[in-house]
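One structure is given below, encoded as structure tokens.
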Amino acid sequence: MKALVRLVALGAALIVSGTAFAQQYPGKPVRIVIPFPPGGVTDIAGRLIAQKLSERLGQQFYIENIAGAGGNLGMGNAARSPGDGYNMLLSSSSIVVNPSLYAKIPYDVDKDFIPVTKAGGTPNSWAVNAEFPAKTMKELIDMIKREPGKYSVGSPGTGTTPSLSIEMLKLALNLNFVTVPFQGGGPMTQSVLGGHTPIVCSALGNYVNLIKEGKLRALAVTAKKRSMALPEVPTLEEIGVAGQEAETMTGVFVPAGTPKAIVELLQREFSTIVNEPDMKAKLLQAGVEPEGNSPAEFAAYVKAEVAKWKKVIADAKIPHIGG
């Protein structure tokens with residue numbers, strides 16, 4: 001009985017100490033690792049949110065870009081950081097794709113991180129140069145079927161969710177075309193604008209402004225419903241191609257060991273911030289659909305995404321990088 005009383009007292013003390021820690025948090029600047037170069041969708045969203053976190057919580061939340069190896073360098077750095085509430089990771093879907101894509105990665109998504117929330121998601125989009133003859137996704141599919149092997153489709157890189165979206169459509173419709181992986185969205189954008197690779201699949205956020213300016217034409221999005229950023233663009237399911245849902249998430253993680261009270265506080269703050277009207281408008285401008293789900297919901301999402309992309313990579317026979 002005495003042992004039981006001591007255990008109950010210890011549990012209560014831990015809860016109180018955790019709550020007290022949360023009330024004092026943050027007591028110094030907080031680092032947010034983004035495992036990609038500046039200027040991408042994850043980086044843009046991260047900087048917008050970090051500014052709001054700094055204003056709301058009274059300490060600086062600052063971005064540290066650690067790019068390389070498809071995001072593995074930055075994610076590995078974050079995984080090795082102390083779980084003290086002063087280190088965070090803002091990642092794209094690379095964190096759930098890379099375990100199946102690379103022969104070896106410097107993190108374990110299940111053991112090294114605590115999922116906090118999905119701040120938002122950016123559906124992938126099929127787009128073409130404005131001068132390209134296909135006006136709809138159905139027309140594009142028909143063109144590819146009529147002349148197998150003739151067309152090339154650009155992706156921002158092997159293993160990105162747009163590149164895997166390309167493989168999903170190939171498998172679903174038994175299409176024959178050449179996939180051209182670029183070293184990032186920048187070079188791909190230059191190629192599609194110049195008409196060199198007139199068909200691309202990309203995170204929608206990279207192209208919202210170019211589509212609105214008429215420089216590119218969006219044919220379809222890989223989402224369950226139309227994007228709030230470009231509501232006139234149909235989903236693939238609407239044109240009769242089911243099972244093609246794919247997005248590039250903006251996910252918030254903290255290293256394992258971060259106190260539960262801090263995780264819960266950060267989830268509340270992120271969820272509140274991304275759904276404020278002014279922030280929501282800015283995120284949509286970047287192609288990010290705000291969300292802010294619970295840690296449990298986000299953990300289930302991460303698990304499902306790891307399984308989904310593992311199957312796509314296996315079905316498409318994509319070789320391991322570094323293997």
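Restricting attention to region 227-281, which residues are in a loop (DSSP other than H, G, I, E, B) and surrounded by 16 or more Cβ atoms within 10 Å (Cβ to Cβ)? Walk me through it before giving the result.
Start the filter on region 227-281 by keeping residues that are in a loop (DSSP other than H, G, I, E, B), which leaves 227-234, 236, 240-246, 256-259, 275-276.
Ser227, Ala229, Leu230, Val233, Pro234, Leu236, Val241, Gln244, Glu245, Ala246, Thr258, Pro259, listed by residue number.
Are there any pairs, at least 6 apart or on different chains, whose C-beta atoms fall under 6 Å, with the first in region 277-292 and more than 13 Å from Thr42 (Cα to Cα) and the second open to solvent by less than 70 Å² (accessible area, probe 1.4 Å) and assigned to a strand (DSSP E or B), and if so, which?
Listed pairs, sorted by first residue: Lys280/Pro290; Glu291/Lys118; Glu291/Gly120; Gly292/Thr117.
I'd like the residue in region 74-112 that is open to solvent by less than 10 Å² (accessible area, probe 1.4 Å) and in a strand (DSSP E or B) and, out of all such residues, is nearest to Val221 (Cα to Cα).
That would be Ser91.
Phe298 passes all but one of (1) assigned to a helix (DSSP H, G or I); (2) open to solvent by less than 60 Å² (accessible area, probe 1.4 Å); (3) within 19 Å of Gly40 (Cα to Cα); which number fails?
Just one mismatch for Phe298, condition (3).
Determine whether Thr248 is modelled with pLDDT of 95 or more, under 12 Å from Thr222 (Cα atoms), under 21 Å from the mean Cα position of the chain (by Cα) and not basic (Lys, Arg).
No, not satisfied.
Could you list all residues from region 158-180 that are more than 19 Å from Ala203 (Cβ to Cβ), open to solvent by 60 Å² or more (accessible area, probe 1.4 Å) and in contact with a Ser or Thr (Cβ under 9 Å, 6 or more places away or on another chain)?
Selection gives Val178 alone.
Can you tell me how many residues in region 137-157 are surrounded by fewer than 16 Cβ atoms within 10 Å (Cβ to Cβ) and over 17 Å from Leu236 (Cβ atoms)?
Of the residues in region 137-157, 6 are surrounded by fewer than 16 Cβ atoms within 10 Å (Cβ to Cβ) and over 17 Å from Leu236 (Cβ atoms).
If you check Gly195 against the conditions, is it open to solvent by 40 Å² or more (accessible area, probe 1.4 Å) and either over 21 Å from the mean Cα position of the chain (by Cα) or in contact (Cβ under 8 Å) with a residue 60 or more places away in the chain (or both)? Please lay out each step first, then the result.
Details: open to solvent by 40 Å² or more (accessible area, probe 1.4 Å): no; either over 21 Å from the mean Cα position of the chain (by Cα) or in contact (Cβ under 8 Å) with a residue 60 or more places away in the chain (or both): yes.
The answer is no for Gly195.
So for region 314-321 (the condition being on the phi > 0 side of the Ramachandran plot, among the basic types (Lys, Arg) and surrounded by fewer than 21 Cβ atoms within 10 Å (Cβ to Cβ)), does at least one residue qualify?
Within region 314-321 (the criterion being on the phi > 0 side of the Ramachandran plot, among the basic types (Lys, Arg) and surrounded by fewer than 21 Cβ atoms within 10 Å (Cβ to Cβ)), the answer is yes, since at least one residue qualifies.
Out of the residues in region 288-323 that are in contact with a strand residue (DSSP E or B) (Cβ under 8 Å, 6 or more places away or on another chain) and either more than 27 Å from Leu48 (Cα to Cα) or among the small types (Gly, Ala, Ser) (or both), which is modelled with the lowest pLDDT?
Filtering region 288-323 for residues that are in contact with a strand residue (DSSP E or B) (Cβ under 8 Å, 6 or more places away or on another chain) and either more than 27 Å from Leu48 (Cα to Cα) or among the small types (Gly, Ala, Ser) (or both), the one modelled with the lowest pLDDT comes out as Gly323.
Out of Gly184, Gly157, Gly214, Gly205, report the one residue that is of a type outside the set (Lys, Arg) and modelled with pLDDT of 90 or more.
So the residue among Gly184, Gly157, Gly214, Gly205 that is of a type outside the set (Lys, Arg) and modelled with pLDDT of 90 or more is Gly214.
Which residue pairs have Cβ atoms under 7 Å apart, sit 6 or more places apart or on different chains, and have a first residue in region 26-52 that is within 20 Å of Gly205 (Cα to Cα) and assigned to a helix (DSSP H, G or I) and a second that is open to solvent by 40 Å² or more (accessible area, probe 1.4 Å) and basic (Lys, Arg)?
Listed pairs, sorted by first residue: Leu48/Lys282.
Within region 124-136, work out how many residues are touching a helix residue (DSSP H, G or I) at 6+ places or on another chain (Cβ under 6 Å), open to solvent by 10 Å² or more (accessible area, probe 1.4 Å) and closer than 13 Å to Val221 by Cα.
Of the residues in that region, 0 qualify.
Restricting the search to region 144-174, which residues are farther than 13 Å from Val312 by Cβ and without any contact (Cβ under 8 Å) to a residue 40 or more places away in the chain?
Listed by number, the residues that qualify are Ile144, Lys145, Arg146, Glu147, Pro148, Gly149, Lys150, Asn174.
Return the residue satisfying two criteria in turn: it lies in region 211-226 and is not charged (D, E, K, R) and not in a loop (DSSP other than H, G, I, E, B), and of such residues it is surrounded by the fewest Cβ atoms within 10 Å (Cβ to Cβ). Please lay out each step first, then the result.
Of the residues in region 211-226, the ones not charged (D, E, K, R) are 211, 214, 216, 218-223.
Now restrict to residues that are not in a loop (DSSP other than H, G, I, E, B): 211, 216, 218-221.
Values: Ile211: 21, Leu216: 25, Ala218: 23, Leu219: 24, Ala220: 27, Val221: 30.
Ranking the candidates gives Ile211 first.
The values are calculated or read from the model by the stated rules, or taken from the named source; none is laboratory data. Note that the structure is predicted; figures quoted are calculated from it, not measured. Every residue, glycine among them, receives a Cβ derived from its backbone with ideal geometry; neighbour counts consider all protein chains shown. Surface areas here come from the heavy atoms of the whole protein model, side chains and all, with no ligands, DNA or RNA. Shrake-Rupley method; radii C 1.70, N 1.55, O 1.52, S 1.80 Å.
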